[in-house]
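Each reported figure results from applying straightforward, stated rules to the coordinates on display, with no laboratory input. Because the structure is predicted, anything quoted here is derived from the model rather than measured. For neighbour counting, all protein chains shown are included, and Cβ atoms are generated from backbone atoms with ideal geometry for every residue, glycine included.
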Amino acid sequence: KDVMAPPRGQHAPPLPKRRRRRTFGMWLSMFFFITVPTAIAAVYYLAYAADQYVTTAQFTIRTQTMGKFNPDSLGGGLGAINPASPAFADSQIVRSYIHSDQLLKDIREDVDLHAVYSHPSADWWTALDPAVSDEGLLDYWKKSSTVHYELLTGITTFTVRAFSPEDAEKVGNAVLKASEALVNTLSERARGDVVKLAQEEADRARLRLDKAISEIEAFQDRERLIDSTAEGTKQQELQGKLEGEISVLQAELAALQEQLSDNAPSVRLLRGRIASLKAELESLKTKEFSSTSEGKSISGLIGDSTKLKLEQEIAAKLYTQSLATLEGARQEAAVQSRYLVAFVKPKLPDASLYPQRFYAIAIVFVVACMVWLFTMLIGAVIREHA
């Protein structure tokens with residue numbers, strides 16, 4: 001049956017009791033879900049929230065190599081996006097270092113973070129507990145500072161908050177100083193490592209050369225030879241000389257035998273001379289192939305001596321090359337360095353940037369409305385299926 005509108009001049013009947021309760025509940029829920037949180041946020045941000053001042057520093061890490069063009073020295077471009085470049089690696093190290101407990105230890109002498117973030121002007125919600133542990137301080141520090149690395153330009157941007165302009169500037173300068181010291185340490189260590197490796201290579205080459213020289217000296221002392229090659233050459237020359245004299249004497253003997261008898265004194269004397277030279281030649285040949293202290297002939301000694309001298313020459317060349325490499329590493333280390341360039345330094349803030357009071361209140365209001373709408377939707381679904 002359709003409900004007819006009431007006649008003119010008469011009032012509509014009162015709303016049903018259930019509908020009135022539903023309307024009252026809706027307004028009550030809006031009050032608790034929206035009005036109360038928004039009012040609390042407004043009171044906190046407008047009356048109690050402490051001002052927070054922000055300072056910013058921007059820096060890049062450059063590589064300088066004397067006499068060479070190095071793209072990494074530009075602090076950007078291809079050097080910035082190359083993961084293998086020293087500048088990129090150092091930038092990532094500095095980025096991690098700023099949010100590490102090591103930084104907090106390094107800047108402790110320059111600034112007391114406990115005092116900075118327990119400032120009297122700080123409110124109860126954002127202030128740091130003076131008795132907080134080191135881990136708690138690190139968590140608070142990560143929330144109070146940001147580090148952003150721009151991959152294409154190689155620029156690192158660091159921001160820090162504090163409850164006074166002076167503290168913000170002081171903390172920013174302390175962090176920048178510690179980061180610069182870290183980059184200098186990394187640069188010095190890298191140069192030292194290059195020279196150290198070259199020095200170790202030169203030391204190994206020197207030990208090899210010393211060993212080769214010692215083996216030659218021991219060989220000469222053992223065999224009582226200053227130069228086995230020269231000794232062998234001397235023996236060969238002596239053999240040739242004896243063989244030549246024997247040939248001359250044999251020719252003279254043949255000439256005498258044509259004129260004199262075999263029993264002639266001059267013929268017998270010449271034969272004796274030839275026999276003596278042949279005996280000496282035979283003795284010399286026997287000595288050449290006689291045993292040495294190691295059971296080797298002169299020819300074997302010459303082979304051993306040649307090997308030892310070849311090893312000495314190789315060791316000497318390697319040592320010379322290693323010395324040249326060491327000198328080059330020292331020169332390269334002297335002219336190559338990586339350093340931090342801060343082109344935007346922390347300055348004294350003129351006004352507080354945080355908290356963004358009306359923005360924060362609006363965020364609370366929007367979130368409260370969303371929660372209230374979601375709650376009302378859940379309630380409607382439940383009533384629909386009840």
| query | What residues have an amide H closer than 5 Å to that of A50, excluding those fewer than 5 places away on the same chain, when H is modeled at 1.01 Å from N in the peptide plane? | reply | D123
| request: For a quick protection proxy, order the peptides 148-159, 240-251 by their average other-Cβ count within 10 Å, most packed first. | output: 148-159, 240-251
